[in-house]
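Enquirer: This is the structure, below, for whatever I ask next.
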Amino acid sequence: MREAVARRYTRLINEGRDLPDLVLIDGGAGQVSAAKEILDALGVDSDLAGLAKQNEEIYLPGRSEPIALPRTQLPCASSWPSGTRLTALRRALTRSCAPPT
């Protein structure tokens, strides 16, 4: 996680590109902590959240407990983290497996 975040955001900074307002990490507290460490070191001031697949929980830096979406009250809310996480994973795999241009 550290290496992937460092590569991505170092490149964005070096290219002078806009940084995102929100960084979503596929993982729980450990991955969020690792990403936060790198983003802080690079001076990136973006919000950060982790989406863990076990119970589709949302992890935020500095919080010991995840945010669990109330599935009974918001039936579609439980599919949002999963769909977002899977879309991000699919996109990452498509880009990393694409032949060079």
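Enquirer: What residues qualify as long-range amide H neighbours of Glu57, i.e. H under 5 Å apart, gap of 5 or more or another chain, H built at 1.01 Å from N?
Expert: Here the answer is Ala52, since their amide H atoms fall under 5 Å of that of Glu57.
Enquirer: May I ask you to sort Asp26, Asp45 by Cβ crowding, counting other Cβ atoms within 10 Å and putting the fewest first?
Expert: Asp45, Asp26
Enquirer: Report the label-to-label distance for Ser64 and Asp18 in nanometres (one decimal), using points 7 Å from each Cα along the Cα→Cβ vector.
Expert: 3.9 nm
Enquirer: List the GluC sites (Glu not before Pro) in the stretch 1-52 that DSSP assigns to loop (not H, G, I, E or B) and whose Cβ has at most 12 other Cβ atoms within 10 Å. Which are they?
Expert: When the GluC sites (Glu not before Pro) of the stretch 1-52 are filtered for loop state and at most 12 Cβ neighbours within 10 Å, Glu15 remain.
Enquirer: Ok, one more. Please list, ordered by chain and number, the residues whose modelled amide H lies under 5 Å from the amide H of Val23; skip anything fewer than 5 residues away on the same chain.
Expert: Residues meeting the criterion, in which the H sits 1.01 Å from N, are Asp47, Leu48, Ala49.
Enquirer: HN-Hα J couplings of the stretch 27-42 from phi, Karplus 6.51/-1.76/1.60, θ = phi - 60°, integer Hz, Gly and Pro as x?
Expert: For the stretch 27-42, the Karplus curve yields x, x, 4, x, 5, 5, 4, 5, 5, 4, 4, 5, 4, 5, 5, 8 Hz.
Enquirer: May I ask you to sort Ser46, Ser64, Ser33 by Cβ crowding, counting other Cβ atoms within 10 Å and putting the fewest first?
Expert: Ser64, Ser46, Ser33
Bear in mind that the values in this text are calculations on the coordinates, not laboratory data. Note that the coordinates shown come from a computational prediction; the quantities given were computed from them, not determined experimentally. Neighbour counts run over all protein chains shown; Cβ positions are idealised from the backbone, glycine included.
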